[in-house]
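J.: Please find one structure pasted underneath; my questions will follow.
The values are calculated or read from the model by the stated rules, or taken from the named source; none is laboratory data. These numbers come from a predicted model, not from an experiment. Reconstructed Cβ throughout: ideal geometry from the backbone, glycine too, with neighbour counts over all protein chains shown.
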Amino acid sequence: MVLQTETEEKIIASAERLFYQKGKAGTSMQDIADDAGINRTLLNYYFRSKDQLFEAVFRKAMGTFVPNVAAMMSSDISFNDYLPALVEKIIDTMLEHPQIPIFVLQELSSNPERMPQIIKEMGIDPDKVMEKMGKGIASSKIDFDPRQVILSMISLCIFPFAAKPVALDILYGGDEEAYISAMKDRKVLIPMIINQIVSQNQSG
């Protein structure tokens with residue numbers, strides 16, 4: 001892993017803040033240079049384009065999350081323990097980096113082929129994901145496509161963060177603390193929802 005200089009860290013911090021506030025399209029390289037307190041020439045020395053800088057910001061945000069998920073994929077943890085642990089890790093990451101869902105949506109709309117590549121490069125092996133989920137679902141003796149479980153889990157975890165402005169205003173009356181508390185409660189709620197689906201299919 002290449003160590004970043006103090007200037008690089010300052011640039012990435014400014015870009016992260018501005019991308020979150022104004023979006024990638026609404027942020028110029030000059031905006032980032034001004035926020036970081038440097039000139040445009042120095043910014044271009046470290047990052048030649050906004051796309052390159054956006055990738056650095058995304059990699060920073062995902063830097064702890066993806067490797068930890070990859071490690072869980074390779075461990076012997078059971079499906080019953082793995083699912084709550086994965087949900088908890090996703091939600092804790094979203095709480096720490098609420099800009100990630102926005103970044104992902106922006107990137108998917110402008111450069112959809114790069115996102116899977118970055119995630120794979122950071123250690124996520126799709127085959128291991130499918131194997132882990134597939135074994136867990138098979139042990140439950142139900143006929144479920146593991147991909148459906150993965151999609152449902154990701155949606156339940158991430159959508160409330162992507163829709164935070166609406167959820168915060170409509171559901172929680174602008175109460176930030178109530179919203180954060182509700183997101184933490186989902187670490188328990190989401191595995192319960194998925195396990196309830198499994199139980200219903202087993203009894204049926």
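J.: On the given criteria, is A25 outside the structural domain of M115 (by TED's automatic domain parsing), in contact (Cβ under 8 Å) with a residue 40 or more places away in the chain and either loosely packed, with under 13 Cβ neighbours inside 10 Å or of a type in the set (K, R) (or both)?
T.: The answer is yes for A25.
J.: Identify, please: which residue in the range 127-146 is surrounded by 13 or more Cβ atoms within 10 Å (Cβ to Cβ) and not hydrophobic (A, V, I, L, M, F, W, C) and is, among those, modelled with the lowest pLDDT?
T.: Only one residue tops the list, namely S140.
J.: Just checking, how many residues over the range 80-107 are more than 13 Å from the chain's Cα centre (by Cα) and free of Cβ contacts under 8 Å to residues at least 40 places away in the same chain?
T.: Residues in the range 80-107 being more than 13 Å from the chain's Cα centre (by Cα) and free of Cβ contacts under 8 Å to residues at least 40 places away in the same chain: 2 in total.
J.: Of all helices (runs of 4 or more DSSP H) completely enclosed by the range 5-54, which ones contain at least 3 residues that are at pLDDT 90 or above and small (G, A, S)?
T.: Those helices (runs of 4 or more DSSP H) span 6-22.
J.: Run down V129, V104 and say which single residue is farther than 21 Å from E16 by Cα, in a helix (DSSP H, G or I), aliphatic (A, V, I, L, M) and not assigned by TED's automatic domain parsing to the domain that holds A15.
T.: V129
J.: If you don't mind, another one. Would you call F54 within 21 Å of C157 (Cβ to Cβ), crowded, with 20+ Cβ neighbours inside 10 Å and outside the structural domain of I190 (by TED's automatic domain parsing)?
T.: Here the answer is no, as F54 does not meet what is asked.
J.: If I filter the range 147-194 down to residues being among the β-branched types (V, I, T) and closer than 23 Å to E131 by Cβ, which single residue comes out as surrounded by the fewest Cβ atoms within 10 Å (Cβ to Cβ)?
T.: I154
J.: Looking at (1) exposed (fewer than 14 other Cβ atoms within 10 Å of the Cβ); (2) modelled with pLDDT of 80 or more, find the lone condition where H97 falls short.
T.: (1)
J.: Among the residues of the range 160-174, count how many are under 18 Å from the mean Cα position of the chain (by Cα) and without any contact (Cβ under 8 Å) to a residue 12 or more places away in the chain.
T.: Going through the range 160-174 one residue at a time, the tally reaches 2.
J.: Please tell me if F19 is touching a residue at least 24 places away in the same chain (Cβ under 8 Å), of a type in the set (F, W, Y) and not assigned by TED's automatic domain parsing to the domain that holds E131.
T.: Spelling it out, F19 is indeed touching a residue at least 24 places away in the same chain (Cβ under 8 Å), of a type in the set (F, W, Y) and not assigned by TED's automatic domain parsing to the domain that holds E131.
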